[in-house]
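To start, the structure under review is shown below, and the notes come after it.
The numbers here are math on the coordinates, done by the rules we state, and not lab data. Nothing here was measured: the structure is a model prediction, and the numbers come from that model. Cβ atoms come from the backbone with ideal geometry, glycine included; neighbour counts cover every protein chain shown.
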Amino acid sequence: MLLRHFWLEWLDASSLGLTVPWEEYVAARVQREWGVDDLAAAERLYVSAYCKELVPFDAERCGPYPEQLRPYVEAPRYLVEYRDGVITGRSERA
C-alpha cells in the first residue's frame, strides 16, 4: 500500500524529467512525510493514517454483501483492526 501510494506521484514526476530511481524516490518521500528511514515503520504510519478515513461496514444501512463477494468476505486476505470502534489498521492473515 505504501509503495502504491507514491507510485503515480513518481510516474508523474518521471514524465516531467525527474530521473531519481523509484527506490530513492520512495526513501526520500518517506523521510519527508514521516521522518523515518525504515520502510516498515513508514508502512505502519501510512496504513494507520489511511485507515482512519475508512468507515466500518454496516449491513443494516447498506444491506448484505453481494453474493459474488461472499468468498472474499468469509476468508479475507487481511484483517481490519479496530480500537474503540475506530479502524486503526490492518494485518495480513497467516
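In region 17-91, what chymotrypsin sites (Phe, Trp or Tyr not before Pro) fall in a loop by DSSP, with at most 12 other Cβ atoms inside 10 Å? Walk me through the intermediate numbers first.
Values: sites: Trp22, Tyr25, Trp34, Tyr46, Tyr50, Phe57, Tyr72, Tyr78, Tyr82; in loops: Phe57.
Sparse-neighbourhood loop chymotrypsin sites (Phe, Trp or Tyr not before Pro): Phe57.
Given the options Ala75, Leu54, Leu39, identify the residue whose Cα lies farthest towards the positive end of the charge dipole of the chain (+1 on Cβ of Lys, Arg; -1 on Cβ of Asp, Glu).
Ala75
Can you tell which of Leu54, Leu11, Leu69 shows the greatest fluctuation in a Gaussian network model of the chain with Cα springs below 10 Å?
Leu69
Enter the angle in degrees (range 0 to 90, nearest 10) between the Cα long axis of helix 22-34 and the first principal axis of the Cα atoms of the chain, meaning the one along which they spread out most.
In the chain, helix 22-34 runs at an angle near 70 degrees to the longest axis.
For a quick check: with amide H placed at 1.01 Å from N, whose amide H comes under 5 Å from Arg90's, ignoring anything fewer than 5 positions away on the same chain?
Residues meeting the criterion, in which the H sits 1.01 Å from N, are Glu81.
Once the Cα atoms of helix 2-15 and of the chain are each reduced to a long axis, what angle between those two axes, in degrees from 0 to 90 to the nearest 10, is obtained?
Relative to the chain, helix 2-15 is tipped by roughly 40 degrees.
Quick one: net charge of Phe57's neighbours, Cβ under 15 Å, K/R +1, D/E -1? Display every interim value, and only then the final one.
Details: positive: Arg61, Arg70, Arg90; negative: Glu53, Asp58, Glu60, Glu74, Glu81.
Spelling it out: positives minus negatives among the neighbours equals -2.
By its C-alpha gyration tensor, with a ≥ b ≥ c as the square roots of the eigenvalues, how is region 7-94 shaped: rounded for a/c under 1.5, else prolate for a/b larger than b/c, else oblate? Could you put the intermediate results ahead of the total?
On the way: a/c = 2.63, a/b = 1.96, b/c = 1.35.
It is prolate, given that a/c is not under 1.5 and a/b is the larger ratio.
Let me have the relative contact order for the chain, percent, based on Cα pairs under 8 Å that are six or more residues apart. Mind dumping the intermediate values first?
Numbers: 65 pairs, mean separation 21.6, N = 94.
23 percent.
How large is ³J(HN,Hα), in whole Hz, for each residue of region 69-81 in order, when computed from phi with the Karplus curve 6.51 cos²θ - 1.76 cosθ + 1.60 and θ = phi - 60°, using x for Gly and Pro?
8, 3, x, 6, 6, 6, 9, x, 6, 9, 10, 7, 9
Just to compare against my own numbers: the Cα pair-distance distribution for region 1-51, 10 Å bins, whole % per bin, please.
Calculated P(r), rounded to whole percents: 26, 54, 19, 1.
In degrees, nearest 10, range 0 to 90: what is the angle between the Cα axis of helix 39-51 and the longest Cα principal axis of the chain?
Its long axis makes an angle of about 50 degrees.
Please give me the summed charge of the neighbours of Tyr25: other residues whose Cβ is under 15 Å from its Cβ, Lys and Arg +1, Asp and Glu -1.
Numbers: positive: Arg4, Arg29, Arg32; negative: Glu9, Asp12, Glu23, Glu24, Glu33, Asp37.
Taking every other residue near Tyr25 into account, the sum is -3.
Looking at region 24-64, which trypsin sites (Lys or Arg not before Pro) are in a loop (DSSP not H, G, I, E or B) and have at most 11 other Cβ atoms within 10 Å?
On the way: sites: Arg29, Arg32, Arg44, Lys52, Arg61; in loops: Lys52.
Passing sites in region 24-64 are Lys52.
Restricting to Cα pairs below 8 Å that are 6+ residues apart, what does the relative contact order work out to for region 1-51? Please round to a whole percent.
Working: 22 pairs, mean separation 20.2, N = 51.
It rounds to 40 percent for region 1-51.
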